[in-house]
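Participant: After the structure tokens below, expect a handful of questions from me.
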Amino acid sequence: MAFGDQPAYLRVADDLRKKITTGELPPHTRLPSQARIREEYGVSDTVALEARKVLMAEGLVEGRSGSGTYVRARPVPRRLVRTGYRVGGASSPFRQEQADDRIIGTWESGSEQDEAGREIAERLGIRPGERVMRTRYVFRAAGDAVMISTSWEPLAVTGRSPVMLPEEGPLAGRGVVERMAAIDLVVDNVTEEVSARPGRAEEVLTLGGVPGHFVLVISRTYFAGGRPVETADVVVLAERYRIAYHLPVR
């Protein structure tokens, strides 16, 4: 499709987007009103409204009740470096996730027994409906929620053991590798898959995003002797992070 053949609302949104990205419309500036867009671009009210909706869906602008629509301040994306778990280091699992030992990270969590759904059962190599321990974490840096992680561990592996609850007992908060070692399981492989999807309302609200924002999902599974012992989904706002992998050459 040639540029001139684009729907009018996309052409208007594209021009406003360029003004935002070049700084002509800097953060916290009020977006031109619907009437101003109509007059400046020679379009209808409907086209002006749809163009604003596009920018809002992209997270470039936000509505403020009774005030109008404003350009959002864009965060500088941080690198989330994936290098594998470092055994025996001083860093907590959260700091290792952040790949920055300077970060003072805290987290809150809650665990409960659940039945594995089809996808989680497949990742853990168990049958759908088998019992798992599901733990949800909200990780914070400087008080702000930056990451959500939900993990599942098969109770056939950890049930009735001292590490059944990841955040309780003698190894509370020590991470999968150390906890599994305590029950004579040596974690020797980790796989990760990265995907993107629209954030769910609860996720976006927790992470301080805007409805419609996309999230990056790191689906990670730990193996011990070929057997999956834990799988987790790590969720971050896509606009705030870039995933970087450091892979050793063998």
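Participant: Based solely on C-alpha atoms, express the radius of gyration and the Dmax of the chain in angstrom.
Facilitator: Radius of gyration, then largest Cα-Cα span, for the chain: 22.7, 72 Å.
Participant: With label points built 7 Å along Cα→Cβ from the Cα atoms of SER161 and GLU115, find their separation and express it in nm.
Facilitator: About 2.5 nm separates the two model spin labels.
Participant: Something else: 7 Å from Cα along Cα→Cβ at both VAL249 and ALA57: what's the point-to-point distance in nm?
Facilitator: Placing both labels 7 Å along Cα→Cβ, they lie 4.5 nm apart.
Participant: A follow-up question, please. Given R₀ = 41 Å, what would the calculated FRET efficiency be for THR191 paired with GLU40, taking r from the Cβ atoms and rounding to 0.05?
Facilitator: Values: r = 52 Å, r/R0 = 1.26.
Calculated transfer efficiency: 0.20.
Participant: How much area per residue is accessible in the chain when the probe is 1.4 Å and only protein heavy atoms are counted (Å²)?
Facilitator: Details: 13880 Å² over 250 residues.
Per residue, the chain has an accessible area of 56 Å².
Participant: How far is helix 8-22 tilted off the main Cα axis of the chain, in degrees rounded to 10, range 0 to 90?
Facilitator: 70 degrees
Participant: Mind checking the full-extension length gain between THR106 and GLU24? Use 0.36 nm per residue of separation minus the Cα-Cα distance, one decimal, nm.
Facilitator: On the way: separation 82, 0.36 × 82 = 29.52 nm, distance 3.85 nm.
Difference between extended and current length: 25.7 nm.
Participant: Using DSSP to call loops (not H, G, I, E or B), can you name the trypsin sites (Lys or Arg not before Pro) in region 112-213 whose Cβ has at most 10 other Cβ atoms within 10 angstrom? All intermediate terms of the calculation are to be shown ahead of the outcome.
Facilitator: Values: sites: ARG118, ARG123, ARG131, ARG134, ARG136, ARG140, ARG160, ARG174, ARG179, ARG200; in loops: ARG160, ARG174, ARG200.
Sites meeting the loop and neighbour criteria: ARG160.
Participant: Given a 1.4 Å probe and every protein chain left where it sits, what share in percent of the accessible area of the chain is carbon and sulfur?
Facilitator: 51 percent
The values are calculated or read from the model by the stated rules, or taken from the named source; none is laboratory data. Note that the structure is a prediction, hence the values are computed from the model and not measured. Cβ sites come from the backbone with ideal geometry, for glycine too, and all protein chains shown count toward neighbours. All accessible areas refer to the heavy atoms of the entire protein, side chains included, with ligands and DNA or RNA removed. Shrake-Rupley method; radii C 1.70, N 1.55, O 1.52, S 1.80 Å.
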